[in-house]
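**Q** A single structure is presented below for examination.
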Amino acid sequence: MIRSMTGYGRGQEVVDGLSIVVEIKSVNHRYFEYASRLPRGYAFLDDKLKGLLQQRISRGKVDVYVQIQALETAGSEVVVDHGLAESYLTALRDLTQRYGLRDDVSATALSRYPDVLTVRQAQVDEDAVWEAVSQVAESALTRFVAMRELEGSRMREDVLTRAATIREAVAVVEAQSPETVHAHMEKVEARIRDLLNGVPVDEARLLNEAAVFADKVAVAEETVRLCSHLDQLEQLIDSDEAIGRKLDFLVQEINRETNTIGSKCSDLSLTRIVVDIKAEIEKIREQIQNIE
């Protein structure tokens, strides 16, 4: 099943006294690019989360947000940075003396300054924390992948519908191309007979002209290759592996064959059909840019 590179999943659980929230978001990217935002003191989770995500995500710019809150604070303590507090106090007293201000510094006011008071957490059991976080991350990842697959199924239907439209248009080109040659030769013959004003026409020369023109405008090889590429696209889009890059290359080949057909079509009606085919190809290209 194809997947979109755009997705979102969220998991939230309380595990072993920890309230954990994990959010996973992704957007289009040529390769797998990972970034995380973790609480202070939990940097050890970064590589583990990246490895977990890489097992189920091959492409996309993925952002992971993790929140961890201990419901029980046993073992935590408030630590005073006395050196920093003394520096703040000295600076404040200098202000009061220099500018004649009232010295009303209190312990409460001093404690509000950055980093004077910090909470020192109890020793973290990294293995236990990872086990808890990975459980929630798996839940978020499952929702994330499900969203990617749902969007991917919609993209699949759209791509297949447009591929079918292209196939129908190619069939029209194949059917009308010989008629175009015949109509062209009728015009050439009529023009020659008109110019010669009753002089017999060299039928061999006329047949040679028809053969040369037919060779120049023949599109059978291109239409066969184009239909073969469409067959590959339809098979590839149901693959279980990451196919975004392969589809991108395949669409380039489809577009190349279409350009060649367009360069050989001198009939206005066929030219319009080729333009319609190119419009469908461009819409397919836009879709596959978001396929994993």
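Values quoted throughout were computed directly from the atomic coordinates according to the rules given, and no laboratory measurement underlies them. Remember, it's a predicted structure, so these values are computed and weren't measured experimentally. Neighbour counts run over all protein chains shown; Cβ positions are idealised from the backbone, glycine included.
**Q** Note the full-extension length gain between GLN252 and SER106 as 0.36 nm times their separation in residues minus their Cα-Cα distance, in nm to one decimal.
**A** Difference between extended and current length: 45.4 nm.
**Q** Taking the Cα of ARG245, stepping 7 Å toward and past its beta carbon, and measuring to each backbone N in the stretch 31-72: which are under 18 Å?
**A** Residues passing the 18 Å test: 31-34, 54-62.
**Q** To continue, here is another question. Find how much the distance from THR90 to ALA279 grows on full extension, using 0.36 nm per residue of separation minus their present alpha carbon separation; answer in nm with one decimal.
**A** That pair, THR90 and ALA279, stretches by 60.7 nm at full extension.
**Q** Another question, if that's okay. Net charge around ARG256, counting only other residues with Cβ within less than 12 Å of its Cβ (Lys, Arg = +1; Asp, Glu = -1)? Write down the numbers at each step before the final one.
**A** Numbers: positive: ARG225, LYS278; negative: GLU222, GLU253, GLU257.
Here the count lands on -1.
**Q** How much net charge surrounds LYS283 when only other residues with a Cβ under 12 Å from its Cβ are counted (Lys, Arg +1; Asp, Glu -1)?
**A** -2
**Q** What length, rounded to one decimal in nm, is gained on full extension from ARG30 through to TYR8, with 0.36 nm per residue of separation minus their alpha-carbon distance?
**A** Gain on extension, ARG30 to TYR8, equals 6.1 nm.
**Q** I need the calculated FRET efficiency for the pair TYR99 and VAL79, taking r as the beta carbon distance and R₀ as 25 Å, to the nearest 0.05.
**A** Numbers: r = 32 Å, r/R0 = 1.29.
According to the calculation, E is roughly 0.20.
**Q** Same structure again: May I ask you to list the residues of the stretch 254-273 whose amide nitrogen lies under 15 Å from a point 7 Å from Cα along the Cα→beta-carbon direction of GLU168?
**A** Label zone hits: 273.
**Q** What net charge is computed for the residues neighbouring SER19, neighbours being all others with C-beta under 11 Å from the C-beta of SER19, Lys and Arg scored +1, Asp and Glu -1?
**A** Working: positive: none; negative: GLU13, ASP16, GLU72.
Value of the local net charge: -3.
**Q** Okay, next question. Once you place label points 7 Å from the Cα toward the Cβ at GLN135 and ASP47, how far apart are they in nm?
**A** Taking the two extended label points, one gets 2.5 nm.
**Q** Moving to a separate point now. Taking the Cβ-Cβ separation of LEU71 and ASP127 as r and a Förster radius of 25 Å, what is the calculated FRET efficiency to the nearest 0.05?
**A** Numbers: r = 20 Å, r/R0 = 0.78.
Once rounded, the FRET efficiency stands at 0.80.
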